[in-house]
Amino acid sequence: MTGVRLANRNGRAVVLVDGGTVDVERASGGRLPADPSAALRAWDALAEWARGRRAGDADAALDERALGPPVPRPAKVFAIGLNYREHAREAHLELPKQPMVFTKFPSCLVGPRADVVLSSAYCDWEVELVVVVGRGGRRIPEARALEHVAGYMVGQDVSDRRLQFSDQPAQFSLGKSIDTFGPTGPAVVSLDAVRDPNDLALSCDVGRERMQDARTSDMIFPVPALVAYLSAHCTLEPGDLVFTGTPAGVGSTRTPRRYLCAGEVVTSTIEGLGTMVNRCVEAPREQADPRCIAARPS
């Protein structure tokens with residue numbers, strides 16, 4: 001396994017190595033912190049140390065059920081709307097001229113095997129590439145943007161469409177920040193661990209049905225452009241996250257519309273980064289149709 005894969009095992013920073021985990025604080029003799037967020041703030045030292053870990057250094061087998069969000073307490077969670085060309089087409093919307101930015105509240109973040117608690121009969125899936133900032137900065141030039149990225153991880157921007165579009169203007173941040181609506185993981189994967197960090201396959205299955213199947217090269221604003229744009233307005237800090245947008249295939253643009261049911265499993269995969277498997281639970285009483293198909297005006 002090449003590169004660095006930083007995860008959160010039961011609240012402690014670990015590095016993934018060939019089916020096992022290495023506890024960062026213990027294995028480094030206390031030179032590196034146990035807290036995953038603090039470990040990211042020491043990204044350069046952590047990455048240099050982690051690249052020397054081997055399978056024989058593992059102190060436990062990898063159990064993804066024990067993994068929490070790799071970055072549990074980011075200062076900022078940016079999210080980008082309408083950032084894939086095919087997604088804009090399916091929504092019958094013009095391509096944006098600049099990134100459409102909203103936020104997901106950090107309290108929504110959960111791990112790669114956590115349950116998603118449905119808040120209504122209108123909850124939708126959105127697989128996304130998530131950028132993890134490793135080195136902070138302001139006014140970062142696009143040509144040097146990836147120097148400030150610790151790595152990528154898989155994300156799900158679960159969205160309650162009823163809350164999101166309950167009024168005008170839309171409630172993007174609130175409708176996408178309900179508790180458990182931000183599965184992330186399994187690990188922060190450094191860019192040298194993936195074949196081409198600018199062109200990754202990503203997919204989302206609901207049950208056994210493939211809903212999204214695309215490549216990040218379809219982004220309107222690629223990762224370097226997003227980092228440059230955001231840092232032009234806000235100081236980026238280590239551990240900040242950027243949900244970079246979702247490709248075509250969400251439930252709210254289908255005819256008829258299709259939403260998540262209790263008991264369904266959402267499987268999100270990105271090439272080189274891994275897979276998340278999140279079960280949907282606690283659907284409301286109003287959700288009567290067994291496939292949760294709802295046709296209603298926007």
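The values are calculated or read from the model by the stated rules, or taken from the named source; none is laboratory data. Please read all numbers here as calculations on a predicted model, not as lab measurements. Note that each Cβ is placed from the backbone with ideal geometry, even for glycine, and that neighbours are counted across all protein chains shown.
Pairing residues of the stretch 99-124 that are on the phi < 0 side of the Ramachandran plot with residues that are of a type in the set (D, E, K, R) and in a strand (DSSP E or B), at Cβ distances under 6 Å and at least 6 apart in sequence or on separate chains, gives Asp115/Arg279; Ser119/Asp160; Ser120/Asp160; Cys123/Asp160.
Leu40 passes every criterion in (1) in the same structural domain as Phe165 (by TED's automatic domain parsing); (2) buried (at least 23 other Cβ atoms within 10 Å of the Cβ); (3) assigned to a helix (DSSP H, G or I) apart from (1). Of all residues in the stretch 1-32 being among the polar types (S, T, N, Q) and buried (at least 18 other Cβ atoms within 10 Å of the Cβ), which is nearest to Leu62 (Cα to Cα)? Restricting to residues being among the polar types (S, T, N, Q) and buried (at least 18 other Cβ atoms within 10 Å of the Cβ), the top hit is Thr21. When Ser177, Ser166 are checked against the criterion of being of a type in the set (Gly, Ala, Ser), under 15 Å from the mean Cα position of the chain (by Cα), outside the structural domain of Ser37 (by TED's automatic domain parsing) and not in a strand (DSSP E or B), Ser177 stands alone in meeting it. Apart from one condition, Glu128 fits all of (1) of a type in the set (Asp, Glu); (2) touching a strand residue (DSSP E or B) at 6+ places or on another chain (Cβ under 6 Å); (3) outside the structural domain of Gly11 (by TED's automatic domain parsing); (4) more than 30 Å from Cys234 (Cα to Cα); the exception is (4).
For (1) surrounded by 15 or more Cβ atoms within 10 Å (Cβ to Cβ); (2) more than 13 Å from the chain's Cα centre (by Cα); (3) modelled with pLDDT of 95 or more, each residue gets a yes or a no:
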residue: His92; (1), (2), (3): no, yes, no
residue: Pro106; (1), (2), (3): yes, no, yes
residue: Leu109; (1), (2), (3): yes, no, yes
residue: Val117; (1), (2), (3): yes, yes, yes
residue: Val130; (1), (2), (3): yes, no, yes
residue: Ala143; (1), (2), (3): no, yes, yes
residue: Leu146; (1), (2), (3): yes, yes, yes
residue: Gly151; (1), (2), (3): yes, no, yes
